[in-house]
Amino acid sequence: MKKIALNIDGKDAQAAEGDTILNAARENGIYIPTLCYHPRTKQAGKCRICVVEVKGLPDLQVSCSLQARDGMTVNTTSERIIETRKMIVELYLSSGRHNCISCEASGECELQDAAYHLGLEKSNFPVIPKDLPVDSSSPMIIKDMNKCIQCFRCVEGCNNVVVNEVLEMGFRGGDMTVVCDTNKPMGKSSCVICGECVQLCPTAALLEKKAAGKGRTWELKKVRTTCPYCGVGCQMHLHVKDNEIIKVTGVEDAAPNFGTLCIKGRFGYDFVHSPERLRSPLIKRDGEFVEASWEEALDFTAEKLLEIKKTHGTEAIVGIGCARTTNENNYIMMKFMRAAVGTNNVDHCART
Amino acid sequence: MQKILFKNIDVPDARSLDTYKSRGGYAALKKALSLPPEKLISMVEESGLRGRGGAGFPAGIKWKFLPKDRNRTIYLICNADEGEPGTFKDRHIMEFDPHLLIEGMTITAYAIGAHHGFIYIRGEYNWIAKLLMSAIIEAVTEGFVGYNILNSGFSFYIDVFRGAGSYVCGEETALMESIEGKAGRPRLKPPFPATFGLYGESTVIHNVSTLSCVPFIIEKGPEAFSKIGKPRSHGTKLFGISGHVNKPGLYEYPMGTPLRKLIYEAAGGVRGGKRLKAVIPGGLSSPILTADEIDVEMDFDSLLSIGSMLGSGGIIVMDEDTSIPMIAQKTAKFFAHESCGQCTPCREGTNMIKFLIDRIIAGKGGHTDLEQILRLCRYIKGSTICAFGAAAAMPLNAMIKKFRGEFEALVR
Ligand SMILES: Cc1cc2nc3c(=O)[nH]c(=O)nc-3n(C[C@H](O)[C@H](O)[C@H](O)COP(=O)(O)O)c2cc1C
Ligand code: SF4
Ligand code: SF4
Ligand code: SF4
């Protein structure tokens with residue numbers, strides 16, 4: 001890729017051609033705060049907190065959308081820039097209902113981070129009271145527009161990442177708010193509950209309902225795993241506290257799903273803790289399933305397979321892989337059938 | 001005095017095509033079609049015509065920004081949104097001399113190679129939209145618009161599109177979004193309309209008054225236009241004078257006419273013999289002037305040099321009984337109401353300014369409130385997606401700075 005050279009805050013910097021100033025700065029270790037920008041939704045330029053000064057261009061420029069050009073001189077820390085950023089965060093804190101003390105997002109909230117980086121403890125503007133009703137009509141998502149910062153990330157994700165086309169930014173000016181369909185309650189809308197919007201939301205405006213009150217963000221241990229539901233192999237993080245799954249999020253920078261999950265992967269984890277789950281192998285004896293150890297079960301299966309092979313030949317055996325398991329598991333299944341059992345009869349459950 | 005935009009304004013039934021033709025109408029179009037498009041572009045450039053929509057960008061240069069590839073789709077848009085408070089010039093052209101605009105659009109379309117034009121008209125002007133449609137049909141019937149205009153081989157169609165009542169839809173990219181059927185929210189720039197405009201195609205957009213100057217320039221030649229007015233502000237301008245004057249109305253004067261002359265000669269002075277207190281010179285978003293500043297000449301540069309702007313040329317005159325804080329309150333309310341809400345400094349900033357001014361007017365404000373408003377004005381300007389932010393910040397900033405005493409008297 002062609003490289004270009006520019007100057008950021010007096011330091012020589014390199015960037016890939018076509019990169020934004022924001023990326024160029026980050027690549028070169030220069031921090032620029034962002035709120036509406038997300039690598040996956042890209043489209044941004046709304047919150048204006050990433051403003052910088054570019055020599056030769058009027059006004060402040062948004063670094064998330066302006067392309068870096070060869071020879072550019074960029075300033076990211078002038079007084080005007082810092083004051084503008086402070087104004088923006090203070091306006092947010094004054095216009096929404098932000099009380100971080102018991103907020104679910106506290107600890108991983110991008111607005112909170114921005115305030116922290118700018119050294120703002122509170123807004124110097126008066127707080128304009130906001131008391132919008134919280135929409136908890138969805139079985140899985142709480143939508144609290146009192147904490148929305150109008151970043152458009154959820155709207156962009158819903159329309160252009162998962163393409164469910166449910167969310168839109170409705171109304172204008174200070175009334176601007178995220179609406180479902182024609183301003184229906186989320187639970188009555190065409191929302192398919194994939195939770196993409198929740199994952200993209202930088203604040204607590206969109207939240208996992210089941211996780212509410214179950215633990216602070218810093219108490220949760222993130223466990224990386226592969227979704228067990230289908231063969232796509234979506235990468236996800238289980239957020240675990242005291243051996244209990246509190247919520248599930250998609251891994252942002254990993255193939256194949258890059259953060260996106262479906263309703264099952266994201267919200268369908270209750271079975272993990274179900275007392276009805278099988279916890280040991282069962283072997284049918286005299287018409288009844290009886291608990292067995294893994295050694296017993298494996299020996300039993302091997303014995304039976306060998307018996308069938310001996311009396312009826314390998315063609316009497318078929319291996320059926322699981323459509324919901326990983327490629328690796330299915331590969332092993334295939335290998336086992338061909339190499340160990342000696343048959344080409346391998347298929348998977350979705351076809352049989 | 002030379003009239004360009006109002007040459008037919010006193011003629012009865014000027015709006016009919018027959019009257020327009022009998023006054024020499026569409027002669028400019030005939031002349032234009034006999035010239036190569038490049039020639040027309042250079043004529044307009046030489047005339048020094050600058051946009052009448054507010055920013056004063058030179059029209060000829062805007063046309064030259066278009067990609068040179070003549071096979072591309074190019075759209076021409078006429079901005080007839082006229083949302084700026086205190087502004088009522090375009091509606092008169094469209095209502096009383098619609099063919100002037102239609103002729104101007106058709107010549108411009110031929111010059112830039114556009115085959116499809118839109119007139120985006122403010123929703124409240126619905127009767128004018130109807131008049132425009134009838135005038136377009138008349139023009140199509142006689143071959144001035146539509147397929148193969150005057151047998152020249154050039155075709156150009158015009159659609160009238162009504163807005164739905166939003167000030168920001170006058171901003172060129174919000175306007176394009178609106179025509180496309182989307183919410184009226186300005187786009188990030190770059191890319192600019194010359195390369196990515198309506199439906200993603202190259203687009204030229206002009207105010208009604210800008211396009212209506214084009215027939216004169218083509219017919220009489222660029223010098224006839226550039227010799228009127230001031231060196232960098234050529235031609236005439238429609239000044240809409242409202243407020244506390246004896247004869248509110250629309251007046252066509254050369255660019256650079258002193259504001260004093262417009263108020264006292266054209267508009268007959270301040271009503272009831274009252275003293276003049278302040279003037280908003282170019283629509284609500286232009287910073288207010290005190291009575292001491294009205295010797296300024298009404299052209300782009302002179303107003304800029306005293307920290308204001310020519311804007312739309314809508315002059316709002318206020319007499320000694322006017323309370324500037326009340327004007328500021330109305331101004332703040334307007335901008336908070338009209339912000340599209342897309343970017344934070346504007347959405348939350350205009351809302352906060354309104355909240356603070358309301359509090360001051362209610363007698364509950366403090367000195368810090370005034371400081372906070374000034375702080376907002378300072379940092380909103382230049383940090384927003386579109387120029388709305390600056391349009392909201394600049395006038396309020398000027399009102400407080402120039403009439404600070406009145407605000408101080410209200411705070412504790
Ligand atoms: C908030 C806002 C509102 C505007 N409203 C109008 C308007 O009502 N009419 C208009 O002609 N231009 C308006 N403009 C200016 C247009 O964006 C654009 O510059 C203009 O139509 C270009 O035409 P001109 O070159 O003939 O001036 C507005 C700009 C902004 C930022
Ligand atoms: S959304 Fe963020 S800023 Fe708002 S209360 Fe929660 S943690 Fe604090
Ligand atoms: S709900 Fe969240 S993601 Fe959506 S606009 Fe508001 S803050 Fe952004
Ligand atoms: S400056 Fe105001 S009107 Fe313009 S895009 Fe931003 S919020 Fe919308």
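Read-outs throughout are calculated quantities, based only on the coordinates presented, and are distinct from any laboratory measurement. Bear in mind that the values here come from a model prediction, so they are computed numbers and not experimental data. All Cβ positions, even for glycine, are placed from backbone atoms using ideal geometry, and neighbour counts span all protein chains on display.
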Over the C-alpha atoms of the protein assembly as shown, what are the Rg and the largest Cα-to-Cα span, Dmax, in Å?
33.2, 120
Rounded to the nearest 0.05, what FRET efficiency is calculated for A:Asn327 and A:Arg277 with R0 set to 30 Å and r the Cβ-Cβ distance?
0.75
Between A:Ala5 and B:Lys68, what's the calculated FRET efficiency when r is the beta-carbon distance and R0 is 30 Å? Round to 0.05.
0.45
Count, for each residue of A:116-128, the Cβ atoms from other chains sitting within 10 Å of its Cβ, then give me the mean as a whole number.
2
Label points 7 Å out from Cα along the Cβ direction at B:Ala362 and A:Asp70: separation in nm?
5.9 nm
Average Cα contact separation per residue, chain A, under 8 Å, 6 or more apart, as relative contact order %
10 percent
Along the positive direction of the dipole of the protein assembly as shown (beta-carbon charges: Lys, Arg +1; Asp, Glu -1; about the Cα centre), which of A:Phe267, A:Tyr92, B:Ala266 reaches farthest?
B:Ala266
Extending each Cα 7 Å along its Cβ direction at A:Thr311 and A:Thr77, get the distance between those two points in nm, one decimal.
8.1 nm
With springs connecting C-alpha atoms under 10 Å apart, model chain A as a Gaussian network and identify which of A:Ser136, A:Ser65, A:Ser280 has the largest mean-square fluctuation.
A:Ser280
Estimated inter-spin distance, B:Thr290 and A:Asn28, nm [label 7 Å along Cα→Cβ]:
4.6 nm
Among B:Ile61, B:Ile217, B:Ile74, which one moves the most in a GNM of chain B with springs linking Cα atoms closer than 10 Å?
B:Ile61
Options B:Met43, B:Gly153, B:Ile385, ranked by Cα towards positive dipole end of chain B, top entry (Cβ charges)
B:Ile385
Förster-model FRET efficiency, 56 Å R0, A:Asp181 and B:Ser152, C-beta, rounded to 0.05
0.65
Once the principal axes of the Cα atoms of region B:17-227 are found, what is the range along each, listed largest first in whole angstroms?
41, 37, 35
Placing +1 on the Cβ of each Lys and Arg and -1 on the Cβ of each Asp and Glu in region A:3-77, which of A:Val62, A:Asn75, A:Leu35 has its Cα farthest towards the positive end of the resulting dipole?
A:Leu35
Partner shielding of A:166-174, as the mean number of partner chain Cβ atoms within 10 Å, equals 5
Return the subset of B:Lys31/B:Lys68; B:Lys182/B:Lys220; B:Lys89/B:Lys230 for which the Cα-Cα distance in this structure is over 31 Å, preserving the input order.
B:Lys182/B:Lys220
For A:Ile141, residues with placed amide H under 5 Å, excluding near neighbours:
A:Lys209
When the expected Rg is taken as 2.2 N^0.38 Å, what fraction or multiple of it is the alpha-carbon Rg of chain A?
1.30
Between B:Arg52, B:Arg232, B:Arg70, where does the largest GNM mean-square fluctuation fall for chain B, given springs only between Cα atoms within less than 10 Å?
B:Arg70
³J(HN,Hα) computed for each position of region A:26-34 - Karplus, 6.51 cos²θ - 1.76 cosθ + 1.60, integer Hz, glycine/proline x:
4, 4, 9, x, 9, 7, 10, x, 9
Averaged over residues of B:344-357, the number of beta carbons from other chains lying within 10 Å of each residue's Cβ is 6
